[in-house]
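First up is the structure itself, then whatever we jot down about it.
A short reminder: the numbers here are calculations on the coordinates, not readings from a lab. Small disclaimer: the values here were computed from a predicted structure and weren't measured. Every residue, glycine as well, gets a Cβ built from its backbone with ideal geometry; the counts of neighbours run over all protein chains shown.
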Amino acid sequence: MIVKCFKVGWLSTNCYVVGCEETKEAVLIDPGLETEAEAELILDYIKQNGFRIKYIINTHGHPDHISGNAAMKQETGAPILIHEKADDRVEADRKLRDGDVISVGNFKLTVLHTPGHTPCGICLLGDNIVFTGDSLFAGSIGRTDFPGGSFQQLMKSIKTKLLPLPNNFKVYPGHESSSTIGDEKKYNPFLQT
C-alpha cells in the first residue's frame with residue numbers, strides 16, 4: 001500500500017491518495033481542493049504512478065473535505081462514497097455503513113463509524129494503518145462545537161473504535177501530521193482521563 005498526502009484548501013486538509021502497488025488501483029480520501037493547481041498536482045501524481053482511482057471517499061461532509069469531489073469525479077470517473085448519515089448536500093454515489101469493507105487492489109479498508117465531530121464521521125481501517133478524518137489528530141481530537149457535534153459521542157467513538165487498535169498502527173488524520181495509536185494513548189491530553 002502506497003500512501004501519499006497532499007495538504008489542500010484553506011484549512012490545509014490532508015487529502016490522501018492510497019494505492020495498490022501491484023494492481024495500480026487507488027482511492028482518493030477527502031479531496032478538499034480549492035484551486036485548479038491543487039487538482040493538477042494530485043492528478044499528475046496519479047498519472048505518473050499509473051493509478052486508477054476506484055473510489056473517492058469522504059471521512060465526513062464538511063466543506064474542507066469535500067470541496068473537490070465534483071472536480072475529481074469528473075477527472076477520474078470514480079464514484080463518491082460517504083457515510084449514510086451525511087447531509088443531503090453531499091452528492092454521493094454510495095452511502096457507507098459501519099463495518100463496510102472497501103476493496104482496492106490487494107488491500108481492504110474497513111469503515112469505522114466514529115460520530116462526534118459530525119454524525120457522519122468515519123475512519124478507514126487498513127493493515128497497520130487507520131485514516132481518522134477529523135475524529136483523532138496527533139495530540140488532539142476533532143472539534144465538537146459544530147452542528148451535530150458531540151464531545152461525549154466523539155470520546156466514545158475514539159475509545160471504542162480506535163484505542164483498541166494495536167499501538168503500532170499508523171494514524172493518518174484529516175489535518176496536521178501523522179502519528180501512531182500508541183503515541184496517542186500515551187501523549188494525547190484528551191485521552192488521558
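For this structure, a couple of remarks:
- Of the residues Gly68, Phe107, Tyr45, the one whose Cα sits farthest toward the positive end of the charge dipole of the stretch 2-191, with +1 on the Cβ of Lys and Arg and -1 on the Cβ of Asp and Glu, is Phe107.
- Karplus 3J(HN,Hα) series, Hz, for the stretch 4-20 with 6.51 cos²θ - 1.76 cosθ + 1.60 (x for Gly, Pro): 10, 9, 10, 8, 10, x, 6, 10, 6, 6, 7, 9, 10, 9, 10, x, 8
- Read-out Rg and Dmax of the Cα atoms in Å, derived from the coordinates shown; its label in (1) 16.8, 56; (2) 15.4, 46; (3) 16.5, 48: (2)
- Computed FRET value (nearest 0.05) for Lys185 with Lys108, which takes r as the C-beta separation and R₀ as 25 Å: 0.50
- Packing-based exposure ordering (other Cβ within 10 Å, fewest first) of Lys156, Lys54: Lys156, Lys54
- Antiparallel bridge percentage (DSSP; both residues within the chain; nearest 5): 65 percent
- Dividing the mean sequence gap of close Cα pairs (under 8 Å, 6+ apart) by how many residues the chain holds gives a relative contact order of 16 percent.
- Taking every DSSP helix (H) stretch of at least 4 residues in the chain, weighting each as -39,500 (n - 2.57) and dividing the sum by the residue count yields a mean residue ellipticity at 222 nm of -5500 deg cm²/dmol.
- Size of electric dipole in the chain: Cβ of Lys, Arg +1 and of Asp, Glu -1, about Cα centre, debye, nearest 20: 640 debye
- Estimated vicinal HN-Hα couplings, Hz - the stretch 134-151 in sequence order (Karplus 6.51, -1.76, 1.60; Gly, Pro = x): 9, 7, 10, 10, 5, x, 7, 9, x, 5, 10, 9, 7, x, x, x, 8, 4
- Amide H contacts of Ile57: Leu28, Ile29, Asp30, Leu81, each under 5 Å away and 5 or more positions distant or on a separate chain (H built 1.01 Å from N in the peptide plane; Pro and chain starts excluded).
- Cβ-Cβ FRET estimate between Lys47 and Ser140, R0 fixed at 41 Å, reported to 0.05: 0.75
- When the chain is treated as a GNM with alpha-carbon contacts under 10 Å, the residue of Ala37, Ala86, Ala71 showing the greatest mean-square fluctuation is Ala37.
- Contour minus Cα-Cα distance for Asn128 and Lys159 (0.36 nm per residue): 9.4 nm
- FRET efficiency, 1/(1 + (r/R0)^6) with R0 30 Å, evaluated for Glu36 and Lys170 via beta carbons: 0.45
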